[in-house]
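First the structure, in the form of structure tokens, and then the observations on it.
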Amino acid sequence: MPARDLALLTDAAREAGRIALRYWRREPKVWDKGGEHGPVTEADLAVNDMLKLMLLTARPEYGWLSEETPDNAARLSCDSVFIVDPIDGTRAFIAGEETFAHSLAVAHRGKVIAGVVFLPALDKIYTASITAPPLKDGQPIVASRRDRLEGADILTTKANLAPEKWPGGVPDINRSFRASLAYRLCLAAEGRHDGMLTLRDTWEWDIAAGGLIAERAGAVVTDRHGGQLRFNTASAQAEGVLALPSAPHSEALVRLKG
């Protein structure tokens, strides 16, 4: 099942890229979803519509969870569910930047079993399943093996390093950033950065695919408390994400707990 699902997600991600690039740098229509939900474009909606039709036609028994589809509790009774962010990094997409991504995953009984992150403007694709190794453009990738948190190159926002969030002391790290959370996880997976972290509650569709890819590449991937990530939950959110090598991950948890 993971192999078949991974092949399906890969085909769907590439089709999503073809649609998104028709709108990219062409002033797509933009709406504000209100609150802290940010913007959505006509490209997000077009990609979402295609993915929902393609994926659920292929797997009608699967549930559906997507940023751009009103949630339906019916998914909670499904053993398997598609978890999709049609365009992760919508603000980057609107700005004409290249680092937006499509994030597609299948979770089975709470655990992600296949995931794909595709950056069409860069033509980069990351894939993994529980039975297949993590790959970037078909080549194996391995996460950083750094043995200490101090001095590590971590993808995160400035807000995540606020002193009040680190009772044990803010770590002295080199901070980098990318708009797409899924891409941040993949950059950690391929070892281009030592890891990533976000301490705010995080939507499942942002982390499902990238989290599996990073984990399969050797990173330790948990919530901000060190707990296992679970998917297809009622809230559709995780309590932050840490994706770090083993020793830096342990150090981060000690500092976060004080």
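Please treat every number below as a calculation from the coordinates, not as lab data. Note that the coordinates shown come from a computational prediction; the quantities given were computed from them, not determined experimentally. No Cβ is skipped: glycine too gets one built from the backbone with ideal geometry, and neighbour counts run over all protein chains shown.
As an exercise, use a Förster radius of 35 Å and the Cβ-Cβ distance of E98 and S77 to find the FRET efficiency, rounded to the nearest 0.05.
According to the calculation, E is roughly 0.35.
Apply the a/c threshold of 1.5 to the C-alpha gyration tensor of the stretch 2-140 and tell me whether it is rounded, prolate or oblate.
Taking the square roots of the gyration eigenvalues as a ≥ b ≥ c, the stretch 2-140 is oblate.
For an R0 of 51 angstrom, estimate the FRET efficiency from the Cβ-Cβ distance between R18 and E150 and round to the nearest 0.05.
0.70
Would you mind checking the stretch 202-238 for residues with the amide N under 14 Å from a putative spin-label position 7 Å along Cα→C-beta of T69?
From the stretch 202-238, the list is 205, 232.
Given Cβ point charges of +1 (Lys, Arg) and -1 (Asp, Glu) and nothing else, what value in debye, to the nearest 20, does the dipole of the chain about its Cα centre take?
340
Okay, which of the stretch 220-238 sit inside 18 Å, backbone N to the point 7 Å along the Cα-Cβ direction of V254?
The answer is 220, 225-227, whose backbone nitrogens lie closer than 18 Å to the label point.
Are there GluC sites (Glu not before Pro) in the stretch 53-95 that DSSP puts in a loop and that have at most 11 other Cβ atoms within 10 Å, and which ones?
E61
Ordered by residue, what ³J(HN,Hα) values in Hz, to whole numbers, does the stretch 144-150 give under the Karplus form 6.51 cos²θ - 1.76 cosθ + 1.60, where θ = phi - 60° and Gly and Pro are x?
Here the 3J(HN,Hα) series is 4, 10, 4, 9, 8, 7, 4 Hz.
Sort the following peptides by mean Cβ neighbour count (other Cβ atoms within 10 Å, averaged over residues), highest first: 25-31, 235-241, 83-89, 46-52.
83-89, 46-52, 235-241, 25-31
Rounded if a/c is under 1.5, else prolate if a/b beats b/c, else oblate: with a ≥ b ≥ c from the C-alpha gyration tensor eigenvalues square-rooted, which is the stretch 104-148?
oblate
In nm, what is the difference between 0.36 nm times the number of residues separating D172 and A7 and their Cα-Cα distance?
Result: 55.3 nm gained on full extension.
So, in nm, how far is label L53 from label R91 when the simple model puts each one 7 Å beyond its Cα toward the Cβ?
Placing both labels 7 Å beyond Cα along the Cβ direction yields 3.2 nm.
Mind sorting out which of (1) 123; (2) 167; (3) 112 is the real volume of the Cα convex hull per residue in Å³ computed from the coordinates?
(3)
Gaussian network model of the chain, Cα springs within a sub-10 Å range: biggest mean-square fluctuation belongs to which of S246, S103, S77?
Highest fluctuation of the listed residues: S77.
Rounded, prolate or oblate, given the Cα gyration tensor of the stretch 71-220, with a/c below 1.5 counting as rounded?
It comes out rounded by the Cα gyration axes.
List the residues whose amide H sits under 5 Å from the amide H of K33, counting only those 5 or more places along or on another chain, with H placed 1.01 Å from N in the peptide plane.
Under 5 Å from the amide H of K33 lie the amide H atoms of G38, V40, each far enough along the sequence or on another chain.
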